[in-house]
Structure formats: structure tokens, C-alpha cells
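K.L.:
Okay, here's the structure, questions in a sec.
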Amino acid sequence: MKMKSLVFILMFLLSGFALGIDLTTAKEQGIVGEQPDGYLGIVKRSAEAESLVVSVNQKRQKAYQRIAAKNSTSVETVGKLAGKKLIDKAGPTEYVRLTDGTWVLKKEVR
């Protein structure tokens, strides 16, 4: 299977177990956001945000590891592909992290 199709499958799977109501609410409230490396990041620090980010990122890392192993590529490569798709998919009022580390609303990304 090609890498792009695997990333699509990954996004579908993540939507079922990583994009639950808590994550959706956290994104809508600007507490967490997507990063270019494919992992969730904390925009506004709190114990709840940290717990959510750890949980989601553990699941993502396991999925990225499986995909990387199947495709003889690195976890980092899979994460970057997923990160691009997650950022592209983010709503206009959700935060995304730029490659320079700055958090911006998706609608501000050009």
C-alpha cells in the first residue's frame, strides 16, 4: 500500500479513537492544537490539557509505528505526513503550530 493511502487510513482510525468529544472541545476552546510532527500540542497549559495530549499522542505514536514498520520508513516521516493532513483538516478557529513554534489560528495560515 502506498504511504498516502496509509496516512488516510490512519486519519480515519484516529478520528474514531483520538478525536473524541474531549479533544474536539479542547480544540474548539483553543486549549490544544495540531503540530507539523503529527502530534497534538498544548496551547494553554492545564492538567487536563496535559493528560489529553499524553493520551492522544501515545495512541498516535503507536499508529505511526505500525505504519512506519509496514512501509519500511521512519516514525518521523509518518508523523510529518499525518501532521500535514491534520493541520490541513483543522478548522479555521483551531490552533495549529507553525514550523517556527508559533501557535496561530488555522485561518491565519497562508
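Values in this text are rule-based calculations from the coordinates and carry no lab data. What you see is a predicted model; the values in this text were computed from it and never measured. Positions of Cβ are backbone-derived with ideal geometry, glycine not excepted, and every protein chain shown enters the neighbour counts.
K.L.:
So for each of 96-109, 25-38, 72-85 I average, over its residues, the number of other beta carbons within 10 Å; can you give me the resulting order with the highest mean first?
P.N.:
The peptides rank, most packed first, as 25-38, 72-85, 96-109.
K.L.:
May I ask you to sort Ile42, Ile67 by Cβ crowding, counting other Cβ atoms within 10 Å and putting the fewest first?
P.N.:
If I rank by nearby Cβ atoms, fewest first, I get Ile42, Ile67.
K.L.:
Could I ask something else about it? Answer rounded, prolate or oblate for segment 50-110, using the Cα gyration tensor with square roots of eigenvalues a ≥ b ≥ c: rounded when a/c is under 1.5, else prolate when a/b is larger than b/c, else oblate.
P.N.:
Because a/c hits 1.5 or more and a/b exceeds b/c, segment 50-110 counts as prolate.
K.L.:
Name the aspartates and glutamates eligible as straight-distance cross-link partners of Lys70: C-alpha to C-alpha under 13 Å, and not fewer than 8 places from it in the same chain.
P.N.:
none
K.L.:
Fully extended, how many nm does the chain gain between Val54 and Gln29 (0.36 nm per residue separation, minus their Cα-Cα distance)?
P.N.:
Result for the pair: 7.2 nm of gain on full extension.
K.L.:
Another question, then. Pairs Lys27/Lys89; Lys62/Lys107; Lys62/Lys106: which exceed 22 Å Cα-Cα?
P.N.:
Where the Cα-Cα span goes over 22 Å, the pairs concerned are Lys62/Lys107; Lys62/Lys106.
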